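Notes for the one structure printed next.
The values are calculated or read from the model by the stated rules, or taken from the named source; none is laboratory data. This one's a predicted model, so the numbers in the text were calculated from it and none came from an experiment. Neighbour counts run over all protein chains shown; Cβ positions are idealised from the backbone, glycine included.
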Amino acid sequence: MVMQKPAQDQIERYAQDGVYLAEQLLTPAQLGKARSCYDYVRANPSPSALTAFAGTEHEHFVDQTNPESWKLGLRELVREASLAEYLAELWGSEHVWYFGEEYFAKEGGKVSHTPWHQDHSVFPVAGWHWVNLWIPFEPLPAHNSLGVVRGSHRGKLYNGTTYTDADDMTKPLYPDSDYERLPDIEADLERDPNAWDVVSFETRPGDVVVVHPYCLHGRATIDAQTPDRHTLVLRFFGDDVTYSPLPGPHDWLDLDSEVPGAPLRSSAFVQLL
Ligand SMILES: O=C(O)CCC(=O)C(=O)O
């Protein structure tokens, strides 16, 4: 087993930008394992699977953590690719937990951008030791890949998006809260491609976009060049992560403690290190 470690410049880039490309982090066999789990979930969607923006040009498939996938192959993938050790090094964290995964499918060449958002608008958490490993199965040119606003993991937390209104992608998830409404990044970029400092990477199968989920991220549009895009996202956290309440409920999370500042613990999170 080859133990990969992030290079020093990647560690620094993650702290600075909140994103970098880990080229060929996964071997073909590891990617194959990820794909088997992905295909299992497409064939056996969980009760929380949904068609986002159904009936519109933005329509796409999204599913959440599936306990079967962990047993069927994700556990081996995480171990064989030494992902916990890799992330411990990336953050400087002694311990690493698996938070869960998400599955995205955009098919048919016409699905527009994923709404720009921060995952921390729906995860009631604080702390720096977080990551999304964004694993696309198709080769992607940069313009079909995930867009990330560089350094936005060090900025403010905006309101979430309802993820339901194709005509208003920034519609506030918490309308009665003090959280500032999400900026319309897509509209700003259409007016001026330099309006936001967005980074997107061209990827080959086996490459992983390593992104802090507090960063503003979205886009990953498909088109004639990339008619289908299938992505698995694995989420992990480390020592400094704590519970931090949000204005909405989070009944999907069964936490040991909901005292603000309590370490994030639940029997649902597998401790890897
Ligand atoms: O792949 C996508 O379209 C969105 C990914 C995303 O939002 C995430 O990984 O949190």
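So in region 89-120, with the set limited to residues that are under 22 Å from GLU68 (Cβ atoms) and of a type in the set (Asp, Glu), which one is surrounded by the fewest Cβ atoms within 10 Å (Cβ to Cβ)?
If we take residues in region 89-120 being under 22 Å from GLU68 (Cβ atoms) and of a type in the set (Asp, Glu), then GLU102 is surrounded by the fewest Cβ atoms within 10 Å (Cβ to Cβ).
When the residues of region 139-156 are narrowed to those that are more than 12 Å from the ligand (Cβ to nearest atom) and part of a loop (DSSP other than H, G, I, E, B), which ends up surrounded by the fewest Cβ atoms within 10 Å (Cβ to Cβ)? Outline the logic, then answer.
If we filter region 139-156 for residues that are more than 12 Å from the ligand (Cβ to nearest atom), which is where we start, we get 139, 141-143, 149-156.
Of the ones still in play, those that are also part of a loop (DSSP other than H, G, I, E, B) are 139, 141, 150-151, 155-156.
Details: PRO139: 14, PRO141: 13, ARG150: 16, GLY151: 17, GLY155: 13, LYS156: 8.
Residue satisfying both the conditions and the ranking: LYS156.
Of the numbered conditions (1) of a type in the set (D, E, K, R); (2) assigned to a loop (DSSP other than H, G, I, E, B); (3) touching a residue at least 24 places away in the same chain (Cβ under 8 Å), GLU186 fails exactly one; give the number of that condition.
All conditions are met except number (2).
I'd like the full set of residues that are farther than 14 Å from HIS120 by Cα and either surrounded by 14 or more Cβ atoms within 10 Å (Cβ to Cβ) or of a type in the set (Lys, Arg) (or both), limited to region 182-194. Talk me through it step by step, then tell me what you get.
So in region 182-194, the residues farther than 14 Å from HIS120 by Cα come out as 183-194.
Of everything in region 182-194, those that are farther than 14 Å from HIS120 by Cα and either surrounded by 14 or more Cβ atoms within 10 Å (Cβ to Cβ) or of a type in the set (Lys, Arg) (or both) turn out to be PRO183, ASP184, ILE185, GLU186, ASP188, LEU189, ARG191.
Looking at (1) farther than 23 Å from PHE201 by Cα; (2) under 20 Å from the mean Cα position of the chain (by Cα); (3) assigned to a loop (DSSP other than H, G, I, E, B), can you tell me which one GLN24 breaks?
Here GLN24 meets the rest and fails (1).
Where residues in region 207-244 are charged (D, E, K, R) and in contact with a strand residue (DSSP E or B) (Cβ under 9 Å, 6 or more places away or on another chain), which of them is surrounded by the most Cβ atoms within 10 Å (Cβ to Cβ)?
ARG229
I'm trying to understand the selection: among the residues of region 54-75, which are surrounded by 15 or more Cβ atoms within 10 Å (Cβ to Cβ) and either of a type in the set (D, E, K, R) or part of a strand (DSSP E or B) (or both)?
Residues satisfying the conditions are GLU59, HIS60, PHE61, VAL62, ASP63, GLN64, ARG75.
For PHE123, which of the numbered conditions (1) closer than 22 Å to ASP39 by Cβ; (2) modelled with pLDDT of 95 or more; (3) surrounded by 18 or more Cβ atoms within 10 Å (Cβ to Cβ) fails to hold?
(1)
Find all pairs meeting these conditions: Cβ atoms under 6 angstrom apart; at least six residues apart or on different chains; first residue within region 23-46 and at positive phi; second residue of a type outside the set (A, V, I, L, M).
Pairs found: GLN24/GLY206.
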